[in-house]
Amino acid sequence: MIISKEKKNGVTIYYLDKDITDEKMEKLKNTYVKRSQINLIIDDDADVYNADGSKLLLRFRKNKLPITKINAFYDNVIKFAVGKTHNRGSTSGSTKKNVRENPNIMTNILGYIDGFSPNQKKTITVKNIKKLLNVRETRFTMTYPEKFKKIIPLIQEIDKYYKKYIPKCYALQRKKANQTPFKITNTAFTTITTNVNFQTTIHRDKGDDSEGFGNLVVIEKGKYTGGETCLPQYGVGVNVRTGDILFMNVHEWHGNLPIKLEEPDAKRLSIVCYLRTNLWNKTKHMTKKDMISHNRRVKFLHYKD
């Protein structure tokens, strides 16, 4: 519900009250956002606060990212990003406890992660490997190091705007990133999640830095409608398109509206950058030399995300 709005320096500032109670949102967890729940779709530069202005919910800026870096990211990642995995669990609407029973969707992780894959765990058990810290390069980062280097410029561009538009959260997160060698070079991020044509259910992010803020970018190829990123409790959605950046409080309930492809090969590639708290906790005292030695040990495990 819009309480009030104003415009300053070309940016529309909204103050929104909750449309849905906290109790009802708990019941809506892991269901899909409905168009009827969304009263406001944002397409232009905007800041959105809660009703009394004490909490920033999101900040959206249009056409900030350079097309050369966008294209370099897309060209180097897309073949990997369309690979299907079982990684997302309840975010994909699944209630299965066995990860292998989750839906197969185009979601993948780049950079660094805490935790081993099922196949890696099996190898560790069979070979009786001792004292191996459960942090690692993701499969993309390890298998395609040259491609990984080519996607970093876009991530650094996102980082630059994160610092500019959400400076307090950025400073806290960057301080942590600087303490671990398991980070994306010269950024506040350890990890990137890519999603292709994936409608997430209503959820709140876990595992990312609680003092940080969400960073979301979309690269679109072909024609589609929908996919707006929403905070359903506040009835607001944002139509993020190529070149735009959405900064969002991902610890609020959020999800996507349905994506309708108008061309069969159309793609909505979303890029989410964040710092994984457990990864930072486990590696914040490691040196670069320690990391290289550790990665060599992990590399010999049977590797499959």
Subject >> Failed item, numbered, when Ile155 is tested on (1) crowded, with 20+ Cβ neighbours inside 10 Å; (2) assigned to a loop (DSSP other than H, G, I, E, B) >> reply: (2)
Subject >> Looking only at the stretch 255-298, and only at residues there that are under 30 Å from Leu231 (Cα atoms) and of a type in the set (Asp, Glu), the one that is surrounded by the fewest Cβ atoms within 10 Å (Cβ to Cβ) >> reply: Asp265
Subject >> Verdict on Lys96 being at pLDDT below 95 and charged (D, E, K, R) >> reply: yes
**OP:** Report whether or not Leu301 is more than 22 Å from Ile152 (Cβ to Cβ), of a type in the set (A, V, I, L, M) and buried (at least 19 other Cβ atoms within 10 Å of the Cβ).
**Re:** yes
Subject >> Residue among Ile20, Ile78 that alone is part of a helix (DSSP H, G or I) and among the hydrophobic types (A, V, I, L, M, F, W, C) >> reply: Ile78
Original post:
For the stretch 123-137, what are the residues that are of a type in the set (S, T, N, Q) and in a loop (DSSP other than H, G, I, E, B)?
Top reply: Asn128, Asn134
**OP:** Can you confirm whether the stretch 10-27 contains a residue that is closer than 20 Å to Ile245 by Cβ, exposed (fewer than 13 other Cβ atoms within 10 Å of the Cβ) and not basic (Lys, Arg)?
**Re:** yes
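With respect to Asn71, determine if the residue is at pLDDT 95 or above and in a helix (DSSP H, G or I).
Considered against the rule, which asks whether it is at pLDDT 95 or above and in a helix (DSSP H, G or I), Asn71 comes out as yes.
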**OP:** Report, ordered by the first and then the second residue, all pairs with beta carbons closer than 8 Å, sequence separation of six or more or different chains, a first member in the stretch 210-223 that is modelled with pLDDT of 95 or more, and a second member that is assigned to a loop (DSSP other than H, G, I, E, B) and small (Gly, Ala, Ser).
**Re:** Gly212/Ala188; Val218/Gly227; Glu220/Ala266; Lys221/Ala266; Gly222/Ala266; Lys223/Ala266
**OP:** Just one of (1) within 30 Å of Lys150 (Cβ to Cβ); (2) within 19 Å of the chain's Cα centre (by Cα); (3) in contact (Cβ under 8 Å) with a residue 12 or more places away in the chain trips up Tyr32, so point out which.
**Re:** (1)
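The values are calculated or read from the model by the stated rules, or taken from the named source; none is laboratory data. The shown structure was predicted, so the numbers you read here are calculated from the model rather than taken from an experiment. Cβ atoms come from the backbone with ideal geometry, glycine included; neighbour counts cover every protein chain shown.
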